Amino acid sequence: MSRIQTLTLVVELAEQRRDEALSEHASRVRELQAAQDQMNQLQGYVAEAQARWAQRGSQGMDVSLLLHHRQFMQKIDHAIEFQTGVLADKQARIDQALAHLQTAERELAGLRRFTEKQVEALQKQAQRREQKASDEMALNVYLRQQAGLAHAAGARP
């Protein structure tokens, strides 16, 4: 396997790692969005409960109803606190996946640049060889012509 083929294979593997990192990042973003949707739902419950509470408060209320409302709000507050932790964890995982993705992108870019430089170097070597061969062929033609002229001049009386 030539050096360029090996480098091409390494670049392909780096592309796969980058693609996997990109997929992982996208998955983490979807998870965060789902967690944020749950948080929005909990916050919606709070808003609904407060609206109902305000409406019932104007009509007078029973102590047991007040106690039930407080317990419900405590449960929702606890769920919101828990979900806040979940969101923080999801964001940390996104940050980690993004860092991994950025590392994979940098590595891929570096490998691509290195491969391009190697290809350019090989092309320059090939051009130098071709130029050398062309120069040698031109020199051989010139020397034959000179030899032919000298031979022709020596053969004349």
Requested in this report: Determine the pairs where a residue that is of a type in the set (Gly, Ala, Ser), located within the stretch 63-91, has a partner that is assigned to a helix (DSSP H, G or I) and surrounded by 11 or more Cβ atoms within 10 Å (Cβ to Cβ) with Cβ atoms under 7 Å apart, the partner being 6 or more residues away or on another chain.
Outcome: Ala79/Leu42
Query - Check on Arg113, within 37 Å of the chain's Cα centre (by Cα), surrounded by 11 or more Cβ atoms within 10 Å (Cβ to Cβ) and at pLDDT 95 or above - result: no
Report task. Could you give me the residue pairs with C-beta distances under 8 Å whose first residue belongs to the stretch 113-139 and is closer than 20 Å to Arg3 by Cβ and touching a residue at least 40 places away in the same chain (Cβ under 8 Å), whose second residue is polar (S, T, N, Q) and surrounded by 10 or more Cβ atoms within 10 Å (Cβ to Cβ) wherever it lies, and which are 6+ apart or on separate chains? Result -> Thr115/Thr8
Report task. Evaluate the following for Asp77: is it charged (D, E, K, R) and surrounded by 11 or more Cβ atoms within 10 Å (Cβ to Cβ)? Result -> yes
Query raised in the report: On the given criteria, is Ile94 more than 21 Å from Ser27 (Cβ to Cβ), modelled with pLDDT of 95 or more, surrounded by 10 or more Cβ atoms within 10 Å (Cβ to Cβ) and not polar (S, T, N, Q)?
Result: no
Report task. Go through Ala99, Ala152 for me and flag whichever is more than 30 Å from Ile4 (Cβ to Cβ), surrounded by 11 or more Cβ atoms within 10 Å (Cβ to Cβ) and hydrophobic (A, V, I, L, M, F, W, C). Result -> Ala99
Query raised in the report: Which residue out of Leu22, Leu42 is farther than 30 Å from His100 by Cα and in contact (Cβ under 8 Å) with a residue 24 or more places away in the chain?
Result: Leu42
Requested in this report: Select from the stretch 1-19 the residues that are among the small types (Gly, Ala, Ser) and either more than 18 Å from Leu98 (Cβ to Cβ) or surrounded by fewer than 14 Cβ atoms within 10 Å (Cβ to Cβ) (or both) and list them in ascending order.
Outcome: Ser2
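The values are calculated or read from the model by the stated rules, or taken from the named source; none is laboratory data. If you're wondering where the values come from, they're calculated on a predicted model, not measured in any experiment. Reconstructed Cβ throughout: ideal geometry from the backbone, glycine too, with neighbour counts over all protein chains shown.
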